[in-house]
Amino acid sequence: MSHDGGESDAGSAGSAGRAADADTGVDSGEGGARADSGSAVGGGAGATLEAGAGGSDSNGGECASRFATSVESFTAGPGPTTGQNDLPDIVLGPPKGGGASVGSTDVATLGNGGTITLGFAPSRIVDRPGPDFIVFENPFDVGGDPNKPFAELATVEVSDDGQTFHAFPCTATAYPYGSCAGWHPVFANADTNSIDPTDPRVAGGDAFDLADLGVNEARFVRITDRVDQTGTAGTFDLDAISIVHEHAACP
């Protein structure tokens, strides 16, 4: 949910019961986030954030973070600019979800077709049984009905080297939204509750399993807003990304 009128949903894609359209996609990096030089700017299409901007270990200690630690690149699409002036910090560290009925405002809007790449150094995401990482947006269930999420969809991709990305296919246009991010509420909130933001059973958000792509580990996650989704439900708002497996996080 952006201050500019767009509200959004975070969706889990890596759990059991994932929609059948989750066939593997691979992207060699073209058309993705640009690591342009320059400073972060908020306000509109084409705004870019330089590679590697930001990036303290938000959980303290060497290789202790279970959350994104850097914004490697960001290219804004047209539309709302909520939170873009607060990059990179606003998308690093744990999520600040609003629950089933209220979307968080602690987010950065990508804009229509916008894209952002986050890094996890010195940690990494490693494939283990079940979901391996969670993407948090700012969703809510319309009228409290979990079958009617206010969805703002995005494609999620992973990479080990920052060059070759592998995509979880985001092709659905109606509920349920399969392997897209942006359609399940976020319950974990570091400011207001003790819900574990790395536990996909309780945290909410979009849980993804590297095994679905045949990928063993990843050090970068790229999120790209669905350009075909427009209007108030057309721009993905990123809150945070977490690593699920504690003992898999360190190199």
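The values are calculated or read from the model by the stated rules, or taken from the named source; none is laboratory data. Just so we're clear, the structure is a prediction, and the values are computed from it rather than from any experiment. Heads up, the Cβs are rebuilt from the backbone with ideal geometry, glycines too, and the neighbour counts pull from every protein chain shown.
Kindly establish whether Val126 is in contact with a strand residue (DSSP E or B) (Cβ under 9 Å, 6 or more places away or on another chain) and free of Cβ contacts under 8 Å to residues at least 24 places away in the same chain. So Val126 does not fit the description; no.
The residues of the range 200-244 that are free of Cβ contacts under 8 Å to residues at least 60 places away in the same chain and either touching an Asp or Glu at 6+ places or on another chain (Cβ under 7 Å) or buried (at least 24 other Cβ atoms within 10 Å of the Cβ) (or both) amount to a single one, Val202.
Restricting to strands (runs of 3 or more DSSP E) lying wholly in the range 136-251: which have 1 or more residues that are touching a Leu at 6+ places or on another chain (Cβ under 8 Å)? Reasoning before the result, please.
Numbers: elements: 154-159, 165-168, 206-208, 220-225, 240-243.
Those strands (runs of 3 or more DSSP E) span 154-159, 165-168, 220-225, 240-243.
Based on what the data block shows, is Asn138 at pLDDT below 95 and under 12 Å from the mean Cα position of the chain (by Cα)? Considered against the rule, which asks whether it is at pLDDT below 95 and under 12 Å from the mean Cα position of the chain (by Cα), Asn138 comes out as yes.
Starting from residues that are among the aromatic types (Phe, Trp, Tyr) and under 17 Å from Ser101 (Cβ atoms), keep the ones in the range 140-181 and report whichever is surrounded by the most Cβ atoms within 10 Å (Cβ to Cβ). For the range 140-181, the residue satisfying everything is Phe140. Take the conditions (1) touching a Ser or Thr at 6+ places or on another chain (Cβ under 8 Å); (2) without any contact (Cβ under 8 Å) to a residue 24 or more places away in the chain; Asp145 misses just one of them, which is (1).
I'd like the full set of residues that are of a type in the set (S, T, N, Q), surrounded by fewer than 23 Cβ atoms within 10 Å (Cβ to Cβ) and assigned to a loop (DSSP other than H, G, I, E, B), limited to the range 82-132. Those that are of a type in the set (S, T, N, Q), surrounded by fewer than 23 Cβ atoms within 10 Å (Cβ to Cβ) and assigned to a loop (DSSP other than H, G, I, E, B): Ser101, Thr105, Asn112.
Scan the range 67-81 residue by residue and report those that are outside any loop (DSSP other than H, G, I, E, B) and either in contact with a helix residue (DSSP H, G or I) (Cβ under 7 Å, 6 or more places away or on another chain) or not aromatic (Phe, Trp, Tyr) (or both). Steps first, please.
Step one: filter the range 67-81 for residues outside any loop (DSSP other than H, G, I, E, B), giving 67, 70-75.
Within the range 67-81, Ser70, Val71, Glu72, Ser73, Thr75 meet the criteria.
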